[in-house]
1. So the check is Cβ under 8 Å with 6+ separation or different chains; which pairs have a first residue in region 163-179 that's within 23 Å of residue 255 (Cβ to Cβ) and a second one that's among the basic types (Lys, Arg) and open to solvent by less than 30 Å² (accessible area, probe 1.4 Å)?
2. Could you run through region 40-83 and say how many residues are of a type in the set (A, V, I, L, M) and out of contact with any helix residue (DSSP H, G or I) (no Cβ under 8 Å at 6 or more places or on another chain)?
3. When residue 18 is evaluated against the numbered criteria (1) part of a helix (DSSP H, G or I); (2) over 19 Å from residue 193 (Cα atoms); (3) touching a residue at least 12 places away in the same chain (Cβ under 8 Å); (4) open to solvent by 60 Å² or more (accessible area, probe 1.4 Å), which criterion, by number, is the only one it fails?
4. List every residue pair whose Cβ atoms lie under 7 Å apart, where the two residues are 6 or more positions apart in sequence or sit on different chains, the first residue falls within region 22-39 and is farther than 27 Å from residue 94 by Cβ, and the second residue, located anywhere, is hydrophobic (A, V, I, L, M, F, W, C) and surrounded by fewer than 16 Cβ atoms within 10 Å (Cβ to Cβ).
5. Six or more apart or on different chains, Cβ atoms under 6 Å: show the pairs whose first residue is in region 245-262 and on the phi < 0 side of the Ramachandran plot and whose second is assigned to a loop (DSSP other than H, G, I, E, B) and acidic (Asp, Glu).
6. Might you check whether a residue that is open to solvent by 80 Å² or more (accessible area, probe 1.4 Å), in a loop (DSSP other than H, G, I, E, B), within 22 Å of residue 93 (Cα to Cα) and at pLDDT below 95 occurs anywhere in region 1-8?
7. So which of 123, 127 ends up being part of a loop (DSSP other than H, G, I, E, B), within 19 Å of the chain's Cα centre (by Cα) and at pLDDT below 90?
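The values are calculated or read from the model by the stated rules, or taken from the named source; none is laboratory data. Since we're looking at a predicted model, the values are computed, not measured. Cβ atoms come from the backbone with ideal geometry, glycine included; neighbour counts cover every protein chain shown. To get the accessible areas, we keep the full protein, side chains included, count just its heavy atoms, and leave off ligands, DNA and RNA. Shrake-Rupley method; radii C 1.70, N 1.55, O 1.52, S 1.80 Å.
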Amino acid sequence: MARRAGGDVVAEVARACREAGMPFGLYLSPWDRNAACYDDPDAYDRFYQAQLRELCTGYGRLVELWFDGAGSHGRAYDWDGVMAVIDQFQPQAMVFNMGRPTIRWIGNEDGLAADPVHYVVESTEVSNYVSDTAALDAPRYLPPECDVSLRRGWFWARDDEPKSAEHLLGIYYRSVGMGTNLLLNVPPDDRGLIGDDDAARLRQWRTELDRRFAWPIRAHLSGSGDVWTATFEDPVTIDHVELAEDYDDGQRIGAHRVLIDDDAAPAGTDPAGAEVLAAGLSVGHKRLHAVSPVTVRRLRIELRGPSPRLRSVRAYRAGTSGSGRVEYRATPTSRRRTPR
């Protein structure tokens, strides 16, 4: 299925990933309407599992198997059989969204999470085409993954172009900066290579992320429960604050506020009229706030939730309080664009 005259495309990509030190994962959509046996559920289940078995045994270790829910509304697949293949040949692989998932879809293909981001859920969204959700047998730990394409379409097209650096920054703040994983699609062009414009845009984006966040200003963290104090070694001018939750015992922070803690007030007290720099709901793995530039020595972090705990607080002087701008949203038609 993955072979062409004189070569194996999947093997070529797997080899390139190994050479670059990049973990390798695979997408295998269950919605293969081109298969001659698709209308025969039993025959198609056998066909699909044979494809998956080939992918799981022929290309080395897989870090993720990505099962897209698009187009499969109302169709029942043999997910027990699918997961048996994975359990046998790639038991360490992350499983996206369907079958017995370990990570879930964020619910859109814009790469954007919304506050709050819950890591334990009772249901998942499945497809961009329908609004239905799939109920789970019990609440499960399923941190979300934000998928989005570098271009409007998922495939390369000559009349399409990569998203602007400002758009990509907007995605970063609302995915990684909200505590989720970001999966960015970069489609090969008609040469089978990453397009020159796409590569240039990725470098531009990476350069700006490094400029903003390569030099964190770490704070000493003290406190417990609802009130924590982050103290910097010296007064610092900052325009970003990054919180990380200690969720070894579960995600507990339901809301948070970051305030300037007046040096004249004892640590942990509530100084009258303290300025609120940032506020939100969940924190999770990382919560990034762009704030107006301010010089501080100490921050007060107020938390709400059952026995909430912070792991770390860091700040940055990025030279900007901007958090990017999402310039357009994906549509179901643009997401399945036919390659040209």
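1. Close Cβ pairs satisfying both conditions: 177/287; 178/287; 179/287.
2. 4
3. In the conditions (1) part of a helix (DSSP H, G or I); (2) over 19 Å from residue 193 (Cα atoms); (3) touching a residue at least 12 places away in the same chain (Cβ under 8 Å); (4) open to solvent by 60 Å² or more (accessible area, probe 1.4 Å), residue 18 misses (2) alone.
4. Close Cβ pairs satisfying both conditions: 37/43.
5. Pairs that qualify, where the first residue is on the phi < 0 side of the Ramachandran plot and the partner is assigned to a loop (DSSP other than H, G, I, E, B) and acidic (Asp, Glu), are 260/275.
6. Residues of region 1-8 open to solvent by 80 Å² or more (accessible area, probe 1.4 Å): 1, 3-6.
Remaining after also requiring in a loop (DSSP other than H, G, I, E, B): 1, 5-6.
With the extra rule that they be within 22 Å of residue 93 (Cα to Cα), the set shrinks to 1.
Imposing the further condition that a residue be at pLDDT below 95 reduces the set to 1.
The answer is yes; a qualifying residue exists.
7. Within the list 123, 127, the selection yields 127.
Residue-wise test of (1) hydrophobic (A, V, I, L, M, F, W, C); (2) in a strand (DSSP E or B).
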| position | (1), (2) |
| --- | --- |
| 36 | yes, no |
| 70 | yes, no |
| 74 | no, no |
| 82 | yes, no |
| 85 | yes, no |
| 88 | no, no |
| 98 | yes, no |
| 104 | no, yes |
